[in-house]
1. Given the options Tyr31, Tyr69, name the one that is of a type in the set (Ser, Thr, Tyr) and surrounded by 13 or more Cβ atoms within 10 Å (Cβ to Cβ).
2. Give the residues of segment 77-105 that are without any contact (Cβ under 8 Å) to a residue 12 or more places away in the chain and open to solvent by less than 60 Å² (accessible area, probe 1.4 Å), sorted by residue number.
3. Applying the selection to segment 115-140, what residues are free of Cβ contacts under 8 Å to residues at least 12 places away in the same chain and farther than 16 Å from Val43 by Cβ?
4. Is it the case that some residue within segment 41-63 is in contact with a Leu (Cβ under 6 Å, 6 or more places away or on another chain), open to solvent by 60 Å² or more (accessible area, probe 1.4 Å) and under 30 Å from Thr97 (Cβ atoms)?
5. On the basis of being modelled with pLDDT of 90 or more and at negative phi, does Ser79 make the cut?
6. Charged (D, E, K, R) and modelled with pLDDT under 80 - does that describe any residue in segment 41-63?
7. Out of (1) within 20 Å of Asp139 (Cβ to Cβ); (2) open to solvent by 60 Å² or more (accessible area, probe 1.4 Å), the odd one out for Ile18 is which?
8. Of the residues in segment 30-60, how many are part of a loop (DSSP other than H, G, I, E, B), in contact (Cβ under 8 Å) with a residue 40 or more places away in the chain and closer than 16 Å to Met134 by Cα?
Amino acid sequence: VRHENIEIRLETDYFASIQQNRENVRCDLTYFTGPIDAYFASVGWPKLEYRSLDFVRRVVWNVGKGRYYQPRSVINHPSLKTNFTRIVEYKHLLNQTESPHTVLFYEFSKDGGDPYYPVPNQRNQELYAKYQKMANREDG
């Protein structure tokens, strides 16, 4: 996004930036793109329980020119029979029909690490509903 009225800041502490620049903010809205429980951390409620992911890359040689390893770009594997949650084959997305090879990424769910998605349990659902009520009361 390039526009003279848009400033993008990466690797920035949202709350520290808002506090330091409150008088200099020349916009109507700012956007927090982190987890909802981090946004409302000052309330003192517990954090949501998250799962993280590990990614393992696998090159598959000679699947054939114009061919793929799997029928779609993303195939989910919600089964106790496999230790991974999905396989992503980016060749589908990039329309790389000329290559006889392909690259797969296996996603493995794990505890700890970067928070990718909340665990869908009763506690998290109830806590998220409380955070959602607070978010709906926010200006903007």
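The values are calculated or read from the model by the stated rules, or taken from the named source; none is laboratory data. The structure presented is a predicted model; accordingly, all values stated were derived computationally and were not measured. Here the Cβ positions follow ideal geometry from the backbone for every residue, glycine too, while neighbour counts run over all protein chains shown. For accessibility, only protein heavy atoms count, side chains too; no ligands or nucleic acids. Shrake-Rupley method; radii C 1.70, N 1.55, O 1.52, S 1.80 Å.
1. Working: Tyr31 fails: surrounded by 13 or more Cβ atoms within 10 Å (Cβ to Cβ).
Exactly one of Tyr31, Tyr69 is of a type in the set (Ser, Thr, Tyr) and surrounded by 13 or more Cβ atoms within 10 Å (Cβ to Cβ), namely Tyr69.
2. Filtering segment 77-105 down to residues without any contact (Cβ under 8 Å) to a residue 12 or more places away in the chain leaves 77-82, 94-96.
Matches in segment 77-105: His77, Ser79, Thr82.
3. Scanning segment 115-140 gives Pro120, Gln122, Gln125, Asp139.
4. Within segment 41-63, one or more residues are in contact with a Leu (Cβ under 6 Å, 6 or more places away or on another chain), open to solvent by 60 Å² or more (accessible area, probe 1.4 Å) and under 30 Å from Thr97 (Cβ atoms).
5. Against the criterion (modelled with pLDDT of 90 or more and at negative phi), Ser79 does not qualify.
6. Scanning segment 41-63, I find no residue that is charged (D, E, K, R) and modelled with pLDDT under 80, so the answer is no.
7. (2)
8. We begin by selecting, within segment 30-60, every residue part of a loop (DSSP other than H, G, I, E, B); these are 30-35, 40, 44-49.
From the residues that got through so far, the ones that are in contact (Cβ under 8 Å) with a residue 40 or more places away in the chain too are 35, 40, 45-46, 48-49.
Still in the running and closer than 16 Å to Met134 by Cα: 35, 40, 45-46, 48.
Count: 5.
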